[in-house]
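**Student:** Can you keep this structure in mind? I'll have questions shortly.
The values are calculated or read from the model by the stated rules, or taken from the named source; none is laboratory data. Since we're looking at a predicted model, the values are computed, not measured. Virtual Cβ from ideal backbone geometry, glycine too; neighbours counted across all protein chains shown. Ligands, DNA and RNA are stripped out before the accessible areas are found, and what is left, the full protein with its side chains, is counted by its heavy atoms. Shrake-Rupley method; radii C 1.70, N 1.55, O 1.52, S 1.80 Å.
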Amino acid sequence: TVLAYSADAQRLAAFDRMLWAFDPASFVPHVGMDDPLATDTPVVLSAVAPGAWLDRLPEGSPLPWLLNLDDACPPDAARFERVMEIVTATDDDRQKARQRWRDYAAAGHDVRAHDLAQAPARAAGDGT
């Protein structure tokens, strides 16, 4: 499971719309955190502190990954298996991402970058 978080409800709504329009041939199942199917859905959207989602999971559930869509580091980040960030090429976004990197590192997290622009291109449907 991935919890997509942003305290900005408009940003989260825009991400929701992108998931619906991602690819006409491949739907990304997702619901809001308060949806009754949330614990059974691969992507959950939340505008409230991410730790609230963890508190709802059944005991023994694997820790989900956290996709931070916010400008600041998310609350409760240390409680998740992994935190992911999407950084665009805009100067403003890169500056905010650099600050989050420093904040994560200062909090003792093992911070790693994965530049997908540098990754080899894959053919659609090649399964890698």
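**Student:** For residues that are open to solvent by 20 Å² or more (accessible area, probe 1.4 Å) and out of contact with any Ser or Thr (no Cβ under 7 Å at 6 or more places or on another chain), scanning just region 68-80, find the one that is nearest to Phe15 (Cα to Cα).
**Tutor:** Here the residue is Asp71.
**Student:** Within region 23-45, which residues are open to solvent by 100 Å² or more (accessible area, probe 1.4 Å) and closer than 19 Å to Ser6 by Cα?
**Tutor:** Result: Asp34, single match.
**Student:** Could you list, ordered by first residue, the pairs with Cβ atoms under 7 Å in which the first is in region 41-69 and without any contact (Cβ under 8 Å) to a residue 12 or more places away in the chain and the second is part of a strand (DSSP E or B) and among the charged types (D, E, K, R), at least 6 apart or interchain?
**Tutor:** As it stands, the answer is none, since no pair meets every condition given.
**Student:** Got a number for residues in region 8-33 being farther than 11 Å from Leu69 by Cβ and in a loop (DSSP other than H, G, I, E, B)?
**Tutor:** 10
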